[in-house]
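Here's the structure we're looking at; comments come further down.
The values are calculated or read from the model by the stated rules, or taken from the named source; none is laboratory data. Computed from a predicted structure; not experimentally measured. Positions of Cβ are generated from backbone atoms using ideal geometry, with glycine treated the same way; all protein chains shown enter the neighbour counts. Ligands, DNA and RNA are excluded from the accessible area calculation, which covers all protein heavy atoms including side chains. Shrake-Rupley method; radii C 1.70, N 1.55, O 1.52, S 1.80 Å.
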Amino acid sequence: KTYSLIIRGSRPGVNYCSCPDFAVNNLGTCKHLEFALSRLEKRRGGKRLLAVGYQPDYSEIYLHHGLKQEIRFNPGRDLPRPMQVWADRLFNDRGVLQEEHLIHFPRLFQDRPKTDGHEVRCHDEVLAWVGEHQEARERLKIIEDHLREGIRGLIFKNLLKTDLYPYQREGALFALKAGRSLLGDDMGLGKTVQALAAAELLARFFHLGKVLIVSPTSLKYQWKTEIEKFTGRTVAVIEGLNATRRELFRRDTFFKVINYELIFRDLEAITAWKPDLVILDEAQRIKNWKTRTAKSVKQLESPFALVLTGTPLENRIEELHSIMEFVDCRRLGPLYRFVHQHQVLDRDGKVIGYQNLQGIRETLKPVLLRRKKDEVLRQLPARIDQNIFVPLTPEQRTLHDEFYEIVAKIVAKWRRYKFLTEADQRRLMIALEGMRRSADNTYLVDKKTIHGPKIQELEELLQENIQNGKEKAVIFSQWLRMTELVEEVLKRNGIGYVHLNGSLPSRQRRDLLTRFKDDEQIRVFLSTDAGGVGLNLQSGALVINMDIPWNPAKLEQRIGRVHRLGQRRTVRVVNFVSSGSIEARILELLKFKKSVFAGALDQDGEDVVMVGESQMKRFMKTVEEITEKVEKADPLLESQLQREAEQDTRQAELAEKLETVGEHDRIGGVPAAVPTPGLEGLNALLTRGAEFLMNLSRTLTTPAGSSSIGTASAVMPALLEKEEGTGRPMLKIPLPDPKVIQTVLASLGTLLGGLTKGREQ
């Protein structure tokens with residue numbers, strides 16, 4: 001990109017750069033200016049000239065970017081007396097424009113004294129900045145003149161094809177007055193209809209005619225349905241190849257709906273279209289400011305903006321800053337200063353808590369509106385939550401303990417060194433995910449066996465509530481394989497259902513919603529977390545969570561699809577939890593995330609939230625607590641931890657199991673294992689041999705009655721086979737491709753030949 005620089009001297013704040021960073025970092029400088037200054041200083045006499053500063057023959061009025069944006073006057077040489085008197089009346093002794101003259105500055109500038117031979121230059125960004133303040137003031141004046149009756153005014157009559165609740169009218173008015181705002185209502189309170197109402201109000205008052213809605217792919221057609229249902233406006237869903245999308249942008253429609261992933265590709269077309277209002281749905285998609293999606297979205301320009309998210313803050317307070325950068329990039333100041341003001345660090349510079357959260361609430365008050373369900377509880381149905389604890393089967397316990405042993409070994413390393421390599425952290429996360437999967441069902445790990453009482457409990461629950469009643473249910477699971485098991489239960493019991501997962505095209509998702517709503521034969525909406533965001537599933541009254549996600553916000557997102565405005569029945573929420581497993585402790589592990597969310601956004605939240613330790617230390621402390629509980633129940637743990645070779649082999653076995661997970665059901669992005677030829681095939685063969693010997697050794701040497709027998713014998717059936725005809729048991733070792741075997745045997749022959757010659761010599 002190309003930027004313009006103005007160099008006036010070496011003092012920070014007197015120079016200017018047109019780049020976005022300079023406008024928001026409050027430093028009065030940027031990398032472009034620093035580079036230019038360093039080059040100029042190297043020139044002959046450069047340092048002296050920069051120190052003196054540049055005083056031109058003309059005077060100039062410019063926008064100063066520091067801790068506060070200010071309009072400043074820089075007098076030129078031989079400033080005429082009448083011009084000096086004019087400047088003294090408008091600017092203070094530091095050359096800063098006084099606040100009372102800001103709105104009327106363009107007129108005052110035109111009325112300046114006319115002097116021959118002395119020019120006064122006013123930079124364009126000064127007039128643009130004043131224009132923003134003038135427009136905001138004029139907008140409020142127009143709104144106040146027409147909405148003296150507030151939310152009971154006639155302006156809301158026939159605004160949409162539905163009546164708005166009082167708090168929804170307040171939300172639409174808030175967005176109208178703010179111009180650019182964030183609506184952070186709890187899930188289920190109707191943020192979509194409030195956004196459509198705000199768009200209609202903006203169209204009536206300010207002749208708005210182009211609205212761009214950015215949403216997750218799964219919600220594009222739901223937005224189209226809602227627009228057609230509640231408004232009489234035209235809408236186009238942006239999708240297809242480049243040529244198709246360009247044609248859709250050229251169509252004259254009021255609304256255009258696009259998914260986040262396409263913003264980067266279509267940024268040029270969007271800029272040419274010039275939307276008047278941009279609505280971001282599920283805006284937590286831009287919470288990580290480093291991602292390409294977030295950077296692309298923040299380049300969208302429009303006079304008005306409305307950001308919708310029920311979870312503006314999920315894990316870190318920086319996420320809220322990233323989202324607010326789209327609403328108002330100057331509201332929270334630069335990230336480095338925001339973090340410095342609100343983070344609490346330990347001696348090592350690790351984050352241990354957050355402070356001054358009340359200050360964030362006050363700063364965001366003009367642009368952020370958030371209501372919780374309990375504030376409008378009388379307009380919402382009751383909700384009943386129930387946790388059903390089920391025991392682990394022996395097969396589940398075996399797998400759960402295998403993954404646990406990896407966790408325990410890494411925890412022991414953490415206790416000793418207080419440090420984990422990236423490889424250790426990756427193995428730890430894979431093992432923890434393995435514990436969660438095995439707590440659901442063994443099928444999620446090996447895709448062969450089906451052991452886990454959750455399926456049986458689900459079947460009984462469905463028979464009681466679905467087959468014998470008239471309710472409809474929504475079933476969620478994080479794992480695609482778990483939904484496959486649920487499918488078999490539904491088929492076996494003749495229960496009609498629809499299945500939503502990440503592999504389903506967005507066009508077909510709308511049909512699933514329609515079928516679940518209108519077809520009486522469709523009794524269950526089965527979904528992975530691809531359907532936990534933004535969907536309206538009020539047709540159901542029973543929410544079943546087959547597993548508990550790490551993030552409590554995701555759990556509430558699932559429930560919020562059913563327990564939301566428009567639901568007239570009592571909603572029952574059933575969470576299946578495997579007792580004695582990692583599942584039982586997940587919600588406890590996430591209490592800190594909930595408290596940070598409440599402190600920054602809720603009026604009754606605490607002003608200071610302390611962790612006591614860095615996030616990594618806290619996480620490891622929780623893992624250690626889990627370890628200690630299991631250690632008390634497993635006296636052989638210490639001896640098992642000392643078997644370094646066995647543990648390494650087990651890690652390889654489990655990693656191999658996990659790396660065969662399908663494209664839509666993988667752990668942490670681990671790719672599928674692929675066969676390798678040549679010397680890599682030799683390594684694979686040797687590894688197989690080592691695995692076989694270790695398994696055989698474990699089986700033969702483990703004492704009777706030991707808890708390790710189940711673990712060792714669990715891997716032996718894969719190596720046993722009966723000979724046809726005789727029925728005698730045989731051992732087998734899986735081998736690579738025949739060509740690979742030839743290469744391996746040739747390599748072994750060469751190796752053994754070399755060893756033989758060495759002995760003879």
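Across all C-alpha atoms in the range 1-144, the radius of gyration and Dmax reach 16.8, 61 Å. Short to long, the 10 Å bins of the Cα pair-distance histogram for the range 465-572 hold 15, 52, 32, 2 percent of all pairs.
With N set to the number of residues, divide the alpha-carbon radius of gyration of the range 346-461 by 2.2 N^0.38 Å and report two decimals.
Ratio of Rg to 2.2 N^0.38 Å for the range 346-461: 1.65.
Whole-Hz Karplus values for the range 384-393 come out as 10, 9, 9, 9, 9, 8, 10, x, 7, 6 Hz, taken residue by residue from phi with 6.51 cos²θ - 1.76 cosθ + 1.60 and θ = phi - 60°; glycine and proline positions read x. In order along the range 335-350, phi translates into HN-Hα couplings of 4, 4, 6, 4, 5, 4, 6, 10, 8, 10, 10, 8, 5, 8, x, 8 Hz, rounded to whole numbers, per the Karplus curve 6.51 cos²θ - 1.76 cosθ + 1.60 with θ = phi - 60° and x for Gly and Pro. Accessible surface comparison of Val339, Val577, probe 1.4 Å, protein chains only, largest first: the order is Val339, Val577. Computed from the C-beta positions of Thr271 and Arg121 and an R0 of 22 Å, the FRET efficiency is 0.15 to the nearest 0.05. In order along the range 129-137, the phi-based Karplus estimate (6.51 cos²θ - 1.76 cosθ + 1.60, θ = phi - 60°) of 3J(HN,Hα) comes to 5, 5, x, 4, 5, 5, 5, 5, 5 Hz; Gly and Pro are listed as x.
Scanning residues 5 or more positions from Arg180 or on other chains, those with amide H under 5 Å from its amide H are Ala305, with H placed 1.01 Å from N in the peptide plane.
Across the alpha-carbon set of the range 211-325, the Rg to Rh ratio works out to 0.96, Rh being the Kirkwood radius. What the pair-distance distribution of the range 433-495 shows, using all Cα-Cα distances binned every 10 Å from zero, is 21, 53, 22, 4 percent. Pairs of lysines in the range 251-362 whose Cα atoms sit within less than 15 Å of one another amount to 5, provided the residues are eight or more positions apart or on different chains. Approximating the spin labels as points 7 Å out from Cα along Cα→Cβ, the Arg48-to-His101 distance works out to 3.7 nm. Close amide H contacts of Arg121 (hydrogens built in the peptide plane, cut-off under 5 Å, sequence separation of 5 or more or a different chain): Ser59, Glu60, Ile61. What distance in nm lies between label points placed 7 Å from Cα along the C-beta direction at Arg112 and Asp163? Spacing of the two 7 Å Cα→Cβ label points: 5.9 nm. Between the amide H of Leu500 and those of Leu526, Ser527, Thr528, distances stay under 5 Å, these residues lying 5 or more places away or on another chain, with hydrogens modeled in the peptide plane.
Solvent-accessible surface (1.4 Å probe) assigned to Trp129 amounts to roughly 40 Å². Put a plus charge on the Cβ of each Lys and Arg, a minus charge on the Cβ of each Asp and Glu, and nothing anywhere else: the dipole of the range 115-269 about its Cα centre is then about 680 debye.
Radius of gyration over Kirkwood radius for the range 367-411, both on Cα atoms: the Rg/Rh ratio is 1.39.
The Cβ shell under 14 Å around Pro106 holds other residues with a net charge of -3, Lys and Arg each +1, Asp and Glu each -1. Its residue count N sets the reference 2.2 N^0.38 Å, and the alpha-carbon radius of gyration of the range 271-376 equals 1.16 times that reference.
Stretch Gln69-Gln355 to full length: gain in nm at 0.36 nm per residue minus the Cα-Cα span? Intermediate values should be presented prior to the final figure.
Details: separation 286, 0.36 × 286 = 102.96 nm, distance 2.60 nm.
In short, 100.4 nm is gained.
The trypsin sites (Lys or Arg not before Pro) of the range 113-186 that DSSP puts in a loop, and whose beta carbon has at most 13 other beta carbons within 10 Å, are Lys114, Arg148, Lys157, Lys161.
Per the Kirkwood formula applied to alpha carbons, the range 494-539 shows a radius of gyration over Rh ratio, Rg over Rh, of 0.93. Spin-label model, Gln456 to Ala36: label points 7 Å out along the Cα-to-beta-carbon direction sit 7.5 nm apart.
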